[in-house]
Amino acid sequence: MDQRIGKVVILGGGTAGWMAAAALAKINSPRLFDITLIESDEIGIVGVGEATIPTIHWFNQLAGIDEAALLRETHATYKLGIEFIGWNGEGSGYFHPFGRYGAPADGPMFYHRWIRAHLAGDPHGVEGYSLTTQLARAGRFAPPSNDPRSLLSTLGFAYHFDAAAYAAFLRRQCEAKGVRRIEGKVEKIEQNGETGFITRLTTQRGAVVEGDLFIDCSGFRGLLIEQTLKTGYEDWTHWLPCDRALAVPCESDGPPTPFTRATAREAGWQWRIPLQHRIGNGYVYSSQHISDDEAAAKLLSRLDGKALADPRPIRFTTGRRRKVWNRNVIAMGLASGFLEPLESTSIHLIQSAIAKLLSLFPTRGCDPLVAEQFNRVYGQDVETVRDFLILHYHRTQGRDEPLWRQCQTMSLPDSLTYKEEQFARTGRIVLGTDELFREASWFAVMMGQGIAPQDYNPLTDSFPEAANAQHLARIRSEIAAATPKLPRHEDVIRQRLQAPAPRPA
């Protein structure tokens, strides 16, 4: 009997469902299996965040997405990083850039060069050594250069886009490649009596869909992974205490900024995501420290322009499923768990699951050893993101509201404690091979949250102190000179929108 997967069924559309469908449709040539996606127009998508991180380029390339089409169809803007306001008290701020610090050839040793100079009394902060940060502050944009000698090679970027429009954009591509969409809510779920595998789904309209592999993108409900298979959930609210969010769009107040903003508030934080036609806003908060009505009033009073809708409430429990792959079901998106969009990782975690599925694609038996490997590597990815988010909460200084006092004194995962101690004592940023956030990200946030390194790699002492100071001064000068010569963000978008559409392959 042929053991190859013949039918893949995706339950739920939205960003997760259509991303999964787009990736599978792209690699399914010549056709090895049928792809069916079931979704209901009556069930809205959550779409908590509309911001991405640079790993989005991997998915867009895999799915064959043209950038000009992406900008046009999803009202996208470019994103050079995230500005954090108020996390160390009112008036404080720092920037997490998506590019690298220093000169093109510096690599990780730049941080030790800077720490050495800083400990010797050099007054210059870290932002002047990041071309990405300086462009963001100036409202300018340029794509990275492929020339490793160019200062532009240190740049990195992602996108802000309308999540609903992105899902619709992917849907059109998928249906053109043979993905079958069935409209309706699932009313009945059938399982194999011996294995517990899902065998078929029946919608309220009577459509019966059989499958060998099921991808659960049913959102927080986890209709297959949780309600049917009773997989279990690991609650992380003792580390990430926010459990509510309100989302509302507002009118733009000027040209879109090429960065996301995350502003610490009395009971959580507020996001600001600029698109071409509007600004996306939201308040992520702890219901133990502020009421829903007060949170909504606070959010509406802090918008840059007129609200274009009523605030949309979202309730969540931060954490993850104990198994993301259980039997013949793989959960993606909100069905797999939830980490608040503080570092815009929601879409990354969807594509992380997609990448791991492609490399560990099963036969019909869904060997438990294959599923175990998936759960291991995906779990590691989620845990490193979790630790990075906890860092923001735990290391907040200068705020004395009850939520922040609670976070400042909470116990930490051992993995995060180790990273913090290494950086504080030795200036070293210790990372695993496959961690999502690399040296520049950890450096930006640990410095921004007030972790002061007390030492540096002694190999930097091989440079005379004066030579080290000259090198750092040269970097600052080159970045300061390059920034005003690069185009304005809105001009780059306008130019890309005018680009001719690519010819069909």
Folded to 0 to 90 degrees: helix 465-482 orientation relative to the chain principal axis, Cα: 60 degrees
Low-density loop positions, GluC sites (Glu not before Pro), segment 152-195 - DSSP coil, at most 15 other Cβ in 10 Å: GLU194
For segment 244-314: relative contact order, % (alpha-carbon pairs under 8 angstrom, 6 or more apart): 45 percent
Percent antiparallel among DSSP beta bridges (both partners in the chain, rounded to 5): 70 percent
Net charge of Cβ neighbours under 12 Å - reference GLY107; Lys, Arg +1; Asp, Glu -1: +1
Residue exposure sequence - GLU90, GLU39, GLU420 - by fewest surrounding Cβ within 10 Å: GLU90, GLU420, GLU39
Value of [θ]222 nm, deg cm²/dmol, for the chain, DSSP H segments ≥ 4, -39500 (n - 2.57) each, nearest 500: -10500 deg cm²/dmol
Rounded to whole Hz, the Karplus (6.51, -1.76, 1.60) HN-Hα couplings of segment 325-340, x for glycine and proline: 10, 10, 6, 10, 10, 10, 8, 9, x, 5, 5, 8, x, 8, 10, 4
Interatomic Cα distance distribution for the chain, bins of 20 angstrom, percent: 22, 54, 22, 1
Computed log₁₀ I(q)/I(0) - Debye formula, equal Cα scatterers, no solvent, segment 415-492, q 0.17, 0.20 Å⁻¹: -0.90, -1.02
Test item: Cα-centred dipole of the chain, Lys/Arg +1 and Asp/Glu -1 on Cβ, debye: 960 debye
Positive-end residue of GLY81, TRP58, MET19, charge dipole of segment 1-87 with Cβ unit charges: TRP58
Inter-part distance where segment 321-377 and segment 19-44 are each reduced to a Cα centre, Å: 16 Å
For the chain, with +1 on Lys and Arg beta carbons and -1 on Asp and Glu, the positive-most of VAL284, ALA138, GLY184 along the dipole: GLY184
Residue order, fewest to most surrounding Cβ atoms within 10 angstrom, among GLU127, GLU42, GLU478: GLU42, GLU478, GLU127
Sparsely packed trypsin sites (Lys or Arg not before Pro) within segment 92-159, loop by DSSP, other Cβ within 10 Å at most 10: ARG149
Spin-label pair THR433/ALA452, simplified geometry with 7 Å Cα→Cβ offset, distance in nm: 3.8 nm
Reachable lysines, given that their alpha-carbon falls under 28 Å from the alpha-carbon of LYS298 and they are not under 8 places away in the same chain: LYS79, LYS306
TRP269, TRP236 arranged by Cβ crowding within 10 Å, fewest neighbours leading: TRP236, TRP269
Per-residue ³J(HN,Hα) for segment 98-105, Karplus 6.51 cos²θ - 1.76 cosθ + 1.60, θ = phi - 60°, Hz, x for Gly and Pro: 8, x, 8, 8, x, 7, x, 8
Over segment 268-383, volume per residue of the alpha carbon convex hull, in Å³: 133 Å³
Descending principal axes extents, segment 244-314, alpha-carbon based, whole Å: 37, 22, 18
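Where a number appears in this text, it was derived from the coordinates with a stated rule and is not lab data. Predicted model only: the values in this text are computed from it and were never measured. Glycine gets a Cβ as well: all are built from the backbone with ideal geometry, and neighbour counts include every protein chain shown.
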